[in-house]
2 protein chains.
Amino acid sequence: MIAEIVTVGDELLSGNTVDSNSAFIAKRLTERGYWVRRITTVGDDVEEIKKVISEVLERKPDVLIISGGLGPTHDDVTMLAVAEALGRKLILCEKCLERIKEFYTKLYREGYIDDPTLNEGRVKMAYLPEGAEPLENPEGAAPGAYVEHEGVKIFVLPGMPREMKAMLEKEVLPKLGERKFVQAKFLAEVTDESKLAPILAEAVERFNVRIHSSPKGFGKYIGLIIFTESEGEVKKVTEFLEAKGVRLERLR
Amino acid sequence: MIAEIVTVGDELLSGNTVDSNSAFIAKRLTERGYWVRRITTVGDDVEEIKKVISEVLERKPDVLIISGGLGPTHDDVTMLAVAEALGRKLILCEKCLERIKEFYTKLYREGYIDDPTLNEGRVKMAYLPEGAEPLENPEGAAPGAYVEHEGVKIFVLPGMPREMKAMLEKEVLPKLGERKFVQAKFLAEVTDESKLAPILAEAVERFNVRIHSSPKGFGKYIGLIIFTESEGEVKKVTEFLEAKGVRLERLR
């Protein structure tokens, strides 16, 4: 199963914020057996976001996760761009508006804001693409959206990491099936790096695993990540590698 | 001037590594007056990388910076993908090979590796797309490449952050002109967030600046980044904002 991730935000394109969201999302998807094929970052620009989403949809992944640009300010335009890319209208979600109202009333009561009024920016967050299911935001005001379009499951999440993570765990992952893969990281020590490749190829052949390798510096150390179904499988693979003379140290 | 960034690596798509390289590159480009329009991350797959590069070239940015996949292992295929995307051959760079040989001989003498022989993987790193200029890697073995193609300046850099940064600073930025912009970060305090937007719009109108704003939590605090030509301009803009009732605290 193929997935793509799109992150939205000028602060990512100016280098002011490191995009840690896409790695978080990618890890969760990978564990569930999705192969993340591409991650794209664009700015807060309706036309650009729309273009990127249309391109992703042409590649027909099983899942598309979009993060960022759902807030109340004028440059939060992701929902509009999604709606336009899908050729759908933005429709007021009454339930969402109610939830947003409660959210700001609570902030006002607790003294965080001076005015609980549902101004234009706050109301805007309650508009979702026609046919989309709202996704609850346990940590913030803006709801997310889930919509299936021409066979692609599209999830639209906020960009603030705390909100994105909460919505991903609570609302998105349960729709994407059980956790299927374990990722285990190792540091491998080999006397000759060129000998490692055929051993890894044999392990991939024998066991139900994917293995990523990357050199650590220029010495004898290679980082390995083993993706497989269970810790039992990890054990079988590492025993196999060690029997072939690869010394392994598990990380984290 | 428009720029795009492409980062390459399976470890980015599996979420095992957070892509901090693209933010670093984006920041340096932004300071030089480039507008980074899109960042794309793909895996270590010739066809995928080739496809992404071809798509970027169709959008005709002024600059394309590619990072990752230049090492000696079998899954380091970026140079090959770049050459194929440009319809060029990979050509042995004799000077690069000499440099690589010296590099491994030095590592061998210092006891970091057991064998200094130029095996297939190490020799591979000396092949660059026809017509490309090698970029020196002060921190590692693999050279980068600079090639101009149909008006797009393409730079191919390693993925290890230390190597990428050194090559960017030493070999790439001098080819991209002087530093033009200062980025200054502020925390703005406003009693009503909806009043800030018109004030910022007026500042952008009056001064030669770009301003990014993003809410910090749900209170009265908004993060502002001011992009302008000098600290003198930053001062003018902040004085203007403060005169309009926006309280500012400079960050970092």
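Quick one: in the range B:139-158, which of the residues that are in contact with a helix residue (DSSP H, G or I) (Cβ under 7 Å, 6 or more places away or on another chain) and within 14 Å of chain A (Cβ to nearest Cβ) is surrounded by the fewest Cβ atoms within 10 Å (Cβ to Cβ)? The residue in question is B:Glu139. If I filter the range A:13-27 down to residues being surrounded by 21 or more Cβ atoms within 10 Å (Cβ to Cβ) and in contact (Cβ under 8 Å) with a residue 40 or more places away in the chain, which single residue comes out as nearest to B:Ile39 (Cα to Cα)? Taking the candidates together, the pick is A:Ser22.
Answer yes if at least one residue in the range B:138-146 is free of Cβ contacts under 8 Å to residues at least 24 places away in the same chain and charged (D, E, K, R), and no otherwise. Checking the range B:138-146: not a single residue is free of Cβ contacts under 8 Å to residues at least 24 places away in the same chain and charged (D, E, K, R).
Any residue at all in the range B:137-158 that's within 29 Å of B:Thr78 (Cα to Cα), polar (S, T, N, Q) and either at pLDDT 95 or above or not in a strand (DSSP E or B) (or both)? Yes: the range B:137-158 contains one or more residues that are within 29 Å of B:Thr78 (Cα to Cα), polar (S, T, N, Q) and either at pLDDT 95 or above or not in a strand (DSSP E or B) (or both).
Please tell me if B:Ala166 is small (Gly, Ala, Ser), assigned to a helix (DSSP H, G or I) and within 18 Å of the chain's Cα centre (by Cα). Judged against the criteria, B:Ala166 is a match.
Only one entry of B:Leu97, B:Leu118, B:Leu128 meets the criterion of being in contact with a Cys (Cβ under 8 Å, 6 or more places away or on another chain) and either of a type in the set (Val, Ile, Thr) or within 17 Å of B:Thr73 (Cα to Cα) (or both), and that entry is B:Leu128. Residue count for the range B:144-203 under the criterion of being under 30 Å from A:Pro116 (Cα atoms) and of a type outside the set (Lys, Arg): the result is 17.
Only residues that are modelled with pLDDT of 95 or more and facing chain A (nearest Cβ under 7 Å) were counted across the range B:1-11, and they come to 0.
If the condition is being within 18 Å of B:Glu84 (Cβ to Cβ) and surrounded by fewer than 21 Cβ atoms within 10 Å (Cβ to Cβ), then the range B:128-138 contributes B:Glu130, B:Gly131. Within the range B:214-234, being surrounded by fewer than 20 Cβ atoms within 10 Å (Cβ to Cβ) and among the polar types (S, T, N, Q) holds for one residue alone: B:Ser230.
Per-residue answers, yes or no, for (1) surrounded by fewer than 18 Cβ atoms within 10 Å (Cβ to Cβ); (2) within 11 Å of chain A (Cβ to nearest Cβ); (3) touching a helix residue (DSSP H, G or I) at 6+ places or on another chain (Cβ under 8 Å); (4) within 25 Å of A:Asp45 (Cβ to Cβ):
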residue: B:Lys180; (1), (2), (3), (4): yes, no, yes, yes
residue: B:Ala203; (1), (2), (3), (4): no, no, yes, yes
residue: B:Lys236; (1), (2), (3), (4): yes, no, no, no
residue: B:Glu249; (1), (2), (3), (4): yes, no, no, no
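Where strands (runs of 3 or more DSSP E) sit wholly within the range B:33-127, those with at least 3 residues that are more than 12 Å from every other protein chain (Cβ to nearest Cβ) and surrounded by fewer than 22 Cβ atoms within 10 Å (Cβ to Cβ) occupy B:90-92. Right, A:Pro158: closer than 24 Å to A:Glu55 by Cα, in the same structural domain as A:Thr30 (by TED's automatic domain parsing), of a type outside the set (Asp, Glu) and in contact with a Lys or Arg (Cβ under 6 Å, 6 or more places away or on another chain) or not? Against the criterion (closer than 24 Å to A:Glu55 by Cα, in the same structural domain as A:Thr30 (by TED's automatic domain parsing), of a type outside the set (Asp, Glu) and in contact with a Lys or Arg (Cβ under 6 Å, 6 or more places away or on another chain)), A:Pro158 does not qualify.
The values are calculated or read from the model by the stated rules, or taken from the named source; none is laboratory data. It should be emphasised that the depicted structure is a prediction, and the values quoted were computed from it without experimental measurement. Ideal geometry is used to build each Cβ from the backbone, glycine not excepted, and the neighbour counts take in all protein chains shown.
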